[in-house]
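These notes concern the structure reproduced below.
The values are calculated or read from the model by the stated rules, or taken from the named source; none is laboratory data. No experiment lies behind these values; they were computed from the predicted model shown. Every residue, glycine as well, gets a Cβ built from its backbone with ideal geometry; the counts of neighbours run over all protein chains shown.
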Amino acid sequence: MDQIFFEIFEALPRQGPGDAKSTKKAFSKLAGLPEHPEILDVGCGSGGQTLILARLSSGNITALDNHAPFVDKLKRNARRDGYAERIHCVVWDMNSMNFPEESFNAIWCEGAAFVMGVSNALKAWRPLLRPKGYLAVSELVWFKKRAPKEVKDFFAREYPDMKHYKDIYPVIESSGYKMIDYFPLPGESWWTHYYTPVEKKLVALRRKYKNNQDAQAIFDSFQLEIDMHRKYSQYYGYGFYIMQKAKT
Ligand SMILES: C[S@@+](CC[C@H](N)C(=O)[O-])C[C@H]1O[C@@H](n2cnc3c(N)ncnc32)[C@H](O)[C@@H]1O
């Protein structure tokens, strides 16, 4: 079934909600970066945000993901856009990264910190940052404390660890960072490069796997997630958190 999951995602421009304007906005908060910063992009997927970081930064970017076909696609696109020298692609598990301490001026992670849990990720990645280095993370959060039962129940199953956006602020402080900024991703980041192409792909895959009940169940669950967002997007979304390594 993994194959079907990846068949949906490999064709997409991004593997989660996000958009160029938001990446740019978050990057603009990293005041005082050196001219050629070392940046680590964790869970880069096929590199939607990596190429933008390359354009914005004139630094070196290590882009890491454990799914080789995503990384291969980024490699091809980096070559196409003339960034092959500055984007170093790594197929690796984020749980066992072994870069030397203080390797990076900034760590970027759009929509992938949930893999380790946001609190574990913040703690594990801090030693990799140089003094006053930055960490920028986008994460699925509740925008409101109260939400209808249907959507509460959905995320209690899908992402039980999902926090209210303000409940991440103390996690940032207690993990050894200073909070620099927060903003919610706009609605379009869910649709333009993500749910709209996913829905299109689902139509084609439903036809291709019309006799495969397990595959149809996967498509149903994706459709349910999308329908949930159509109905309840005012209650939850992605928050972008920008923080800076603090002295301990
Ligand atoms: C929601 S996607 C976000 C991808 C990309 N940052 C974006 O916004 O388009 C999460 C990414 O995390 C990657 N991932 C999942 N588990 C991982 C792990 N243990 N180590 C490294 N990457 C992982 C997935 O392959 C996927 O590309």
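Do you know which residues across the stretch 137-163 are within 16 Å of the ligand (Cβ to nearest atom) and within 21 Å of Gln244 (Cβ to Cβ)?
Here is the first cut: in the stretch 137-163, the ones within 16 Å of the ligand (Cβ to nearest atom) are 137-141, 155, 158-159, 161-162.
Within the stretch 137-163, Val137, Ser138, Glu139, Val141 qualify.
Restricting attention to the stretch 13-22, does a residue exist that is touching a residue at least 60 places away in the same chain (Cβ under 8 Å), of a type outside the set (Ser, Thr, Tyr), more than 10 Å from the ligand (Cβ to nearest atom) and not in a loop (DSSP other than H, G, I, E, B)?
Scanning the stretch 13-22 turns up at least one residue that is touching a residue at least 60 places away in the same chain (Cβ under 8 Å), of a type outside the set (Ser, Thr, Tyr), more than 10 Å from the ligand (Cβ to nearest atom) and not in a loop (DSSP other than H, G, I, E, B).
Would you mind stating whether Lys29 is more than 12 Å from the ligand (Cβ to nearest atom), surrounded by fewer than 20 Cβ atoms within 10 Å (Cβ to Cβ), among the charged types (D, E, K, R) and part of a helix (DSSP H, G or I)?
no
When residues of the stretch 229-248 are filtered for being outside any strand (DSSP E or B) and in contact (Cβ under 8 Å) with a residue 40 or more places away in the chain, how many remain?
8
Could you please find all residues in the stretch 1-34 being at pLDDT below 95 and either under 15 Å from Gly59 (Cβ atoms) or of a type in the set (Phe, Trp, Tyr) (or both)?
Phe5, Phe6, Phe9, listed by residue number.
Can you find a residue in the stretch 160-178 that is part of a loop (DSSP other than H, G, I, E, B), closer than 26 Å to Gly48 by Cβ and of a type in the set (D, E, K, R)?
Scanning the stretch 160-178 turns up at least one residue that is part of a loop (DSSP other than H, G, I, E, B), closer than 26 Å to Gly48 by Cβ and of a type in the set (D, E, K, R).
Could you figure out which of (1) away from the ligand (no atom under 13 Å from the Cβ); (2) farther than 21 Å from Tyr238 by Cβ isn't true of Leu56?
(2)
Counting just the residues of the stretch 97-136 that are over 18 Å from the mean Cα position of the chain (by Cα) and of a type in the set (Gly, Ala, Ser), which one comes out nearest to the ligand (Cβ to nearest atom)?
This residue is Ser103.
I'm told Asn211 meets every condition in (1) closer than 20 Å to Ser46 by Cβ; (2) assigned to a loop (DSSP other than H, G, I, E, B) except one. Can you identify the failing condition by its number?
Here Asn211 meets the rest and fails (1).
What number of residues within the stretch 23-56 satisfy the criterion of being touching a Phe, Trp or Tyr at 6+ places or on another chain (Cβ under 7 Å) and among the hydroxyl-bearing types (Ser, Thr, Tyr)?
So the count comes out to 1.
Given Ile61, Ile39, which one is hydrophobic (A, V, I, L, M, F, W, C), away from the ligand (no atom under 12 Å from the Cβ), modelled with pLDDT of 95 or more and in contact with a Gly (Cβ under 6 Å, 6 or more places away or on another chain)?
Answer to the selection: Ile39.
In this structure, is Asp93 within 16 Å of the ligand (Cβ to nearest atom), closer than 25 Å to Gly239 by Cα, loosely packed, with under 14 Cβ neighbours inside 10 Å and at pLDDT 95 or above?
Yes.
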